[in-house]
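K.L.:
Here you go, one structure.
The values are calculated or read from the model by the stated rules, or taken from the named source; none is laboratory data. Computed from a predicted model, the values in this text were never measured in an experiment. Virtual Cβ from ideal backbone geometry, glycine too; neighbours counted across all protein chains shown.
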Amino acid sequence: MPKKVTKPKDKKIETKSKEEISSKVVNLNNILINDFSEKEYTIEKGELSLDILEDDKSIFIESPVAGVKVDDINIDVETEKITIEGFRKRSKEEKNRKYIHRECFYGSFSRSIILPAEIIPEKTSAKIENGILKIVLLKK
C-alpha cells in the first residue's frame, strides 16, 4: 500500500520594509564603528598575503609590505620551507584626531609556507620594490 504524502503547511514569511532594514544596517554600522574604531586591539601577529609563481628554474614570491623597511624583515629559507617575519611600525599617533574606521595592521607579522619544490637556500634573492617584497628561490 503506498504511503500517504502530506503537503507541509504554508509558512508565513515575515517581510520588512526598506526603512526597517536600512535602520538595522545603520545601527549595525554604528555598533561596529563605536566598538572597533576607538579601542586598541592587540593581535599577536599579523599574516602576510602572498602570491607564489613558478617557472622551470625558480619559485617567485611577492607580498605587499608597504611601510616596512628592509631592516624590519627577516627571511628564513630552508630547502622545502620559507618563513617571512617582520614588523610594521605606525608612523605617528594622531592626537587631535580619532579613528572612524581602522583596517591597517601595525606590529609583528609572520608567514611560513611549504614550498612546492626543493630549492637551493643560498641562491635566494630578495628586494622590496614599490612596497612589494619580491623573493626569488632557485629550484634544485
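K.L.:
Name every residue in the range 48-79 that is among the acidic types (Asp, Glu) and exposed (fewer than 14 other Cβ atoms within 10 Å of the Cβ), in order of residue number.
P.N.:
Quick first cut of the range 48-79, residues among the acidic types (Asp, Glu) only: 51, 54-56, 62, 71-72, 76, 78.
Hits for the range 48-79 are 51, 55, 56, 71, 76, 78.
K.L.:
Another question, then. In the range 86-107, is there at least one residue being more than 16 Å from residue 63 (Cα to Cα), without any contact (Cβ under 8 Å) to a residue 24 or more places away in the chain, loosely packed, with under 13 Cβ neighbours inside 10 Å and under 15 Å from the mean Cα position of the chain (by Cα)? Can you show your working first?
P.N.:
Within the range 86-107, the subset more than 16 Å from residue 63 (Cα to Cα) is 89-103, 107.
Subset that is without any contact (Cβ under 8 Å) to a residue 24 or more places away in the chain: 89-90, 92-97, 103.
Then keep just the ones that are loosely packed, with under 13 Cβ neighbours inside 10 Å; that gives 89-90, 92-97, 103.
Still in the running and under 15 Å from the mean Cα position of the chain (by Cα): 103.
There is at least one residue in the range 86-107 that is more than 16 Å from residue 63 (Cα to Cα), without any contact (Cβ under 8 Å) to a residue 24 or more places away in the chain, loosely packed, with under 13 Cβ neighbours inside 10 Å and under 15 Å from the mean Cα position of the chain (by Cα).
K.L.:
Could you please give the count of residues in the range 110-140 that are in contact (Cβ under 8 Å) with a residue 60 or more places away in the chain and either in contact with a Phe, Trp or Tyr (Cβ under 7 Å, 6 or more places away or on another chain) or under 15 Å from residue 54 (Cα atoms) (or both)?
P.N.:
Summing the residues that are in contact (Cβ under 8 Å) with a residue 60 or more places away in the chain and either in contact with a Phe, Trp or Tyr (Cβ under 7 Å, 6 or more places away or on another chain) or under 15 Å from residue 54 (Cα atoms) (or both) in the range 110-140 gives 11.
K.L.:
Give the residues of the range 61-76 that are under 17 Å from the mean Cα position of the chain (by Cα) and either more than 11 Å from residue 88 (Cα to Cα) or of a type in the set (Phe, Trp, Tyr) (or both), sorted by residue number.
P.N.:
61, 62, 63, 64
K.L.:
While we're on this one: Considering every residue within the range 112-129, establish whether at least one is over 16 Å from the mean Cα position of the chain (by Cα), small (Gly, Ala, Ser), at pLDDT 90 or above and outside any strand (DSSP E or B). Steps first, answer last, please.
P.N.:
Narrowing the range 112-129 to residues over 16 Å from the mean Cα position of the chain (by Cα): 114-129.
In the following step, the residues that additionally are small (Gly, Ala, Ser) were identified as 117, 125-126.
Among the residues that remain, those that are also at pLDDT 90 or above are: 117, 125-126.
Those still in the list that are outside any strand (DSSP E or B) too: 117.
There is at least one residue in the range 112-129 that is over 16 Å from the mean Cα position of the chain (by Cα), small (Gly, Ala, Ser), at pLDDT 90 or above and outside any strand (DSSP E or B).
K.L.:
Something else: Take the residues in the range 65-109 that are part of a loop (DSSP other than H, G, I, E, B) and of a type in the set (Phe, Trp, Tyr); name whichever of them is farthest from residue 52 (Cα to Cα).
P.N.:
In this case the residue turns out to be 99.
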